[in-house]
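Worksheet: one structure, shown below.
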Amino acid sequence: MASSTTTSLPTLDEEEASPPSSSEQQQQPSLNEPASASAFRAPSSLPLPHTPFVSEATRVKYSPLPWEDYFDEAKDILIPGSEKVFRIYTAGNDGPVVFCLHGGGYSGLSFALVAKQMKGKVRVVSMDMRGHGLSHTADDTDLSAETLCADVLEVISTMFGKDLPSIVLVGHSMGGAIAVHLAAKRVLSTLAGLVVVDVVEGTAIASLIHMQQFLSNRQSHFPTIEKAIEWSVKAGSLRNIQSARVSIPSTLTFHEQRKCYVWRTHLQDSEAYWKGWYEGLSELFLSCPVPKLLLLAGTDRLDRSLTIGQMQGKFQMLVVRSSGHAIQVS
C-alpha cells in the first residue's frame with residue numbers, strides 16, 4: 001500500500017487543564033464478509049498551505065513531525081457500498097492486533113508514541129474516527145455510540161474479512177467508551193482483551209455540565225500549525241511535546257476565508273451524543289467477557305461500581321500519576 005507524507009475535556013477529551021485566557025443508528029456489519037482489495041486506496045495528505053512567519057525558535061521546537069517516524073504505513077479504508085473512508089495508521093507485522101480508538105478531538109496519531117514502542121511485538125492499528133483526522137463520511141456529525149461502534153466493525157471487517165486475528169481493543173476517553181460499547185456487544189469473536197484509558201462513568205457524567213463552557217473558552221484558531229502545537233502543549237491538552245508535534249496537525253484544517261487553522265472536529269456540535277457515550281459505562285465494562293485493564297490518571301476517577309469490581313478482581317487497574325488525561329502520550 002502506498003504511504004503518504006502527512007499527520008479538558010476531563011473525559012470529553014481535551015485535557016482537563018484550562019487554556020490560557022486571551023444519525024441514524026447503523027446496522028452492525030457482518031465480520032464474515034471477505035475483505036476486498038478495492039477497499040484500499042492511496043491516502044490523501046493534509047493540506048498545508050503557506051503559513052505566516054514564525055520565529056525560528058518556535059518553528060524548531062513546535063514543528064510538525066512526520067507520522068512515518070512512528071507508524072509503518074497509512075491507509076484509507078473505503079467501506080464497500082458507501083461513501084465512508086476511514087484513515088488508519090499501522091505499525092508492526094506480527095502478533096495480535098492492538099486496535100486503538102482515540103478520544104474526542106484527537107486523532108489516530110495520538111497513539112504514535114505507543115505504536116513505535118509496541119510494533120516489535122504486536123500489530124498496531126490506529127483509526128481516525130468519524131469526524132476526526134482524515135476520515136470522511138456522508139455525515140461526520142453523527143458521533144453516536146452506535147454509529148461509532150458500527151464504523152469500527154466495518155473497518156475491521158473490511159481489513160480482515162473472515163480471517164479475523166486476535167484483537168485487543170484500546171480506547172482513550174471517548175474512544176475508551178466506544179471500545180467498551182463494542183466489546184459488550186460480543187460481536188468480535190476473536191476479541192482477546194480490552195484496555196480503557198482514563199474514562200469512567202461517574203466522572204464523565206459529572207463533567208458534562210461544564211463541557212460547553214470549556215469548549216467555548218479554548219482557543220479556536222491559529223495563524224500557523226506551529227502555534228497550534230505550542231498552544232496545545234502550554235494549555236495542557238498534550239503534555240508531551242513530541243506527541244503534540246506528530247498528532248496535532250491531523251486535528252486541524254485550514255479555513256480559506258479566515259486564512260488560519262481551525263479545529264477539524266466541532267465537539268460542541270456533538271453534545272446530543274455525550275450521555276450516550278458514558279451512561280451505563282461501568283456496568284458495560286464489568287460485563288465484557290475478556291481480560292480488562294483500566295488505566296487512570298488518578299484514583300479519584302474510580303466510581304462505586306468500578307471500586308467494587310476492582311476489589312472483586314473483575315479487572316486490573318493501573319494508576320499513572322502526573323500523566324494528565326491523555327495517558328498514552330505521556
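Taking GLY193, is it at pLDDT 90 or above and touching a His at 6+ places or on another chain (Cβ under 7 Å)? The answer is no for GLY193.
Taking the stretch 288-330 as the range and being touching a strand residue (DSSP E or B) at 6+ places or on another chain (Cβ under 9 Å), closer than 19 Å to VAL98 by Cα and among the small types (Gly, Ala, Ser) as the test, only ALA326 passes. If I filter the stretch 253-273 for residues that are among the aromatic types (Phe, Trp, Tyr), under 19 Å from the mean Cα position of the chain (by Cα) and over 26 Å from ALA57 (Cβ atoms), do I get at least one hit? Within the stretch 253-273, one or more residues are among the aromatic types (Phe, Trp, Tyr), under 19 Å from the mean Cα position of the chain (by Cα) and over 26 Å from ALA57 (Cβ atoms). Candidates are the residues of the stretch 225-241 that are over 20 Å from the mean Cα position of the chain (by Cα) and open to solvent by 60 Å² or more (accessible area, probe 1.4 Å); the one that is modelled with the lowest pLDDT is LYS234. Within the span defined as the stretch 207-214, every residue fails to be within 15 Å of the chain's Cα centre (by Cα) and either buried (at least 18 other Cβ atoms within 10 Å of the Cβ) or assigned to a loop (DSSP other than H, G, I, E, B) (or both). Could you check, for the stretch 163-170, whether at least one of its residues is over 29 Å from PHE254 (Cα atoms), out of contact with any Ser or Thr (no Cβ under 9 Å at 6 or more places or on another chain), surrounded by fewer than 21 Cβ atoms within 10 Å (Cβ to Cβ) and not β-branched (Val, Ile, Thr)? Scanning the stretch 163-170 turns up at least one residue that is over 29 Å from PHE254 (Cα atoms), out of contact with any Ser or Thr (no Cβ under 9 Å at 6 or more places or on another chain), surrounded by fewer than 21 Cβ atoms within 10 Å (Cβ to Cβ) and not β-branched (Val, Ile, Thr).
Taking the criterion of being assigned to a strand (DSSP E or B), open to solvent by 30 Å² or more (accessible area, probe 1.4 Å) and not basic (Lys, Arg), the residues of the stretch 70-129 that qualify are GLU73, LEU78. Screening PHE222 on (1) under 22 Å from GLU256 (Cα atoms); (2) open to solvent by 60 Å² or more (accessible area, probe 1.4 Å) shows it passes everything except condition (2). Within the stretch 301-317, the residues that satisfy the criterion of being modelled with pLDDT under 90 and in contact with a helix residue (DSSP H, G or I) (Cβ under 8 Å, 6 or more places away or on another chain) are ARG301, LEU302, ASP303, ARG304, SER305, LEU306.
Can you tell me which residue within the stretch 137-153, out of those that are open to solvent by 10 Å² or more (accessible area, probe 1.4 Å) and part of a helix (DSSP H, G or I), is farthest from ILE79 (Cα to Cα)? Ranking the candidates gives ALA145 first. Is it the case that the stretch 261-275 has a residue that's touching a helix residue (DSSP H, G or I) at 6+ places or on another chain (Cβ under 9 Å), of a type in the set (Lys, Arg) and loosely packed, with under 15 Cβ neighbours inside 10 Å? Yes.
Those strands (runs of 3 or more DSSP E) of the stretch 226-330 in which 3 or more residues are among the aliphatic types (A, V, I, L, M) occupy 292-296, 316-319.
Of all residues being among the polar types (S, T, N, Q) and out of contact with any Ser or Thr (no Cβ under 6 Å at 6 or more places or on another chain) in the stretch 242-258, which is surrounded by the fewest Cβ atoms within 10 Å (Cβ to Cβ)? Just the residue, please. Step through it out loud before you land on a result.
To start, the set of residues in the stretch 242-258 that are among the polar types (S, T, N, Q) comprises 242-243, 247, 250-251, 253, 257.
Going one step further and asking which of them are out of contact with any Ser or Thr (no Cβ under 6 Å at 6 or more places or on another chain), we end up with 242-243, 253, 257.
Details: GLN242: 14, SER243: 25, THR253: 14, GLN257: 5.
Within the stretch 242-258, the match that is surrounded by the fewest Cβ atoms within 10 Å (Cβ to Cβ) is GLN257.
Consider the stretch 276-324 and keep the residues that are open to solvent by less than 60 Å² (accessible area, probe 1.4 Å) and among the polar types (S, T, N, Q). The one that is nearest to ARG130 (Cα to Cα) is SER282.
The values are calculated or read from the model by the stated rules, or taken from the named source; none is laboratory data. Fair warning: this is a prediction, and the values are worked out from it, not measured in the lab. In this analysis, Cβ positions are derived from the backbone assuming ideal geometry, glycine residues included, and neighbour counts consider all displayed protein chains. Each accessible area value is taken on the protein alone, full model and side chains, heavy atoms only, with ligands, DNA and RNA left out. Shrake-Rupley method; radii C 1.70, N 1.55, O 1.52, S 1.80 Å.
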